[in-house]
Structure formats: C-alpha cells, structure tokens
Amino acid sequence: MYDRFDAPHEFEYPEEGLFQLQGILSHEEIRKPNHKAPEGDPIRRVIKRGYKTLTTVGGLSGYLSHVRRYFATGEINSTEAAVHPHNNDSGPFSRGGDSGSIIVDAHGRLVALLTGGTGKTDSSDITFGTPMFWLWILILAKFPGANLFWDDDN
C-alpha cells in the first residue's frame with residue numbers, strides 16, 4: 001500500500017485476510033493527507049476491491065469537487081473526491097464495472113463510494129467517489145436510525 005517498505009506505515013494486513021471496516025473518514029481528515037509520495041507530495045493512501053479491477057491502491061486527493069448535473073426534471077447536486085492510481089505503472093485505480101465499490105483508508109475507515117472515472121486507459125486515470133461523510137448524512141435523513149454496526153461504536 002505504501003511506496004517504501006522501510007518507512008513507517010499504518011496498514012497491517014489482517015491475519016485472517018478480511019480487512020475490517022471501522023468508521024468514516026471525516027471531511028477534515030480527507031483534506032489533511034497523512035503521508036508523502038516519493039516525489040514529496042502530500043497524499044493519503046486508499047484501497048478498494050472492485051468487480052473489474054479487484055484490489056487496487058491509490059492516492060486520495062485532499063480536494064473535493066462540488067458537482068451539479070442538470071436534467072429535464074431538475075438538478076442533482078453532489079460532492080466528489082478524486083483518487084489517483086498508486087503510480088503510473090500500477091494501472092488505473094478503477095474501470096467500468098467497479099462503480100459502487102467502497103474506498104477505504106489504511107485503518108478501514110470508509111472514504112467514498114466509487115461513482116466513476118475519467119476515460120479508458122491502462123496507465124493513469126482519475127477515479128471519483130462520493131465521500132461517505134457526505135453520503136452518510138443523506139442516508140440518515142432518508143433512513144433515520146440507520147446504523148453501520150461498528151464493533152467499537154464509531
């Protein structure tokens with residue numbers, strides 16, 4: 001998940017092979033990358049398991065985009081986070097068919113629900129996802145009392 005094996009890291013591969021999810025990454029945490037890429041740029045590493053690309057690692061951008069789509073019946077407003085591939089040789093973070101996958105950080109916190117990407121390529125691509133902190137507010141408004149049943153009450 002990280003660029004160097006000799007540097008401190010947060011991710012620990014679970015012995016049983018199942019990565020337990022626990023909590024939601026906040027807006028403030030998305031905006032504050034917790035590591036640096038080899039080039040020195042701030043970054044937060046994320047992972048996802050998709051139908052098409054299986055398990056991939058990427059870098060979460062600290063910026064959010066506000067998106068407004070117009071239709072004949074009205075408009076839909078959304079917020080999206082961008083995820084870049086791990087590096088130029090790792091392939092795209094996602095492809096068509098991966099939509100709906102959950103993107104998580106090294107601690108198993110939900111980051112975003114994968115919604116789409118920017119083109120068809122085998123090297124570099126940008127994936128977009130609706131941040132879970134924003135999506136969870138909408139879920140609670142529609143389904144009061146909804147719960148994700150975290151073991152530690154997060």
Requested in this report: Go through the residues of the stretch 31-42 one by one and say whether even a single one is open to solvent by 60 Å² or more (accessible area, probe 1.4 Å) and within 27 Å of PHE149 (Cα to Cα).
Outcome: yes
Report summary line: Residues in the stretch 14-23 that are aliphatic (A, V, I, L, M) and open to solvent by less than 50 Å² (accessible area, probe 1.4 Å) total 0
Query raised in the report: Would a scan of the stretch 88-110 turn up a residue that is outside any loop (DSSP other than H, G, I, E, B) and without any contact (Cβ under 8 Å) to a residue 24 or more places away in the chain?
Result: no
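Just name the residue that is farthest from MET132 (Cα to Cα) out of those in the stretch 30-54 that are more than 12 Å from the chain's Cα centre (by Cα) and not in a loop (DSSP other than H, G, I, E, B).
Going through the qualifying residues, I end up with LYS36.
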Query - Subset of the stretch 60-78 (residues that are of a type outside the set (A, V, I, L, M) and surrounded by 13 or more Cβ atoms within 10 Å (Cβ to Cβ)) - result: SER61, GLY62, SER78
Requested in this report: State yes or no: is VAL57 aliphatic (A, V, I, L, M), open to solvent by 30 Å² or more (accessible area, probe 1.4 Å) and modelled with pLDDT of 85 or more?
Outcome: yes
Report task. Being open to solvent by 50 Å² or more (accessible area, probe 1.4 Å), within 17 Å of PRO33 (Cα to Cα) and within 12 Å of the chain's Cα centre (by Cα) is the filter here, so list the residues in the stretch 84-106 that pass it. Result -> HIS84
Query raised in the report: Residue check, ARG69 against (1) at pLDDT 85 or above; (2) basic (Lys, Arg); (3) closer than 26 Å to ILE137 by Cβ, all met but one. Which one?
Result: (1)
Report summary line: Per the filter on the stretch 17-29, residues in a loop (DSSP other than H, G, I, E, B) and modelled with pLDDT of 75 or more are LEU18, PHE19, GLN20, LEU21, GLN22, GLY23, LEU25, SER26
**Report entry** Test set (1) surrounded by fewer than 21 Cβ atoms within 10 Å (Cβ to Cβ); (2) in contact with a helix residue (DSSP H, G or I) (Cβ under 7 Å, 6 or more places away or on another chain) - ALA81 fails condition number
**Finding:** (1)
**Report entry** Members of the stretch 43-54 found to be touching a Gly at 6+ places or on another chain (Cβ under 6 Å) and open to solvent by 40 Å² or more (accessible area, probe 1.4 Å), listed by number
**Finding:** TYR51, LYS52
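The values are calculated or read from the model by the stated rules, or taken from the named source; none is laboratory data. Fair warning: this is a prediction, and the values are worked out from it, not measured in the lab. Glycine also receives a Cβ, built like all others from the backbone with ideal geometry; neighbour counts cover every protein chain displayed. Side chains are part of the model used for accessible areas, which takes the heavy atoms of the whole protein and leaves out ligands, DNA and RNA. Shrake-Rupley method; radii C 1.70, N 1.55, O 1.52, S 1.80 Å.
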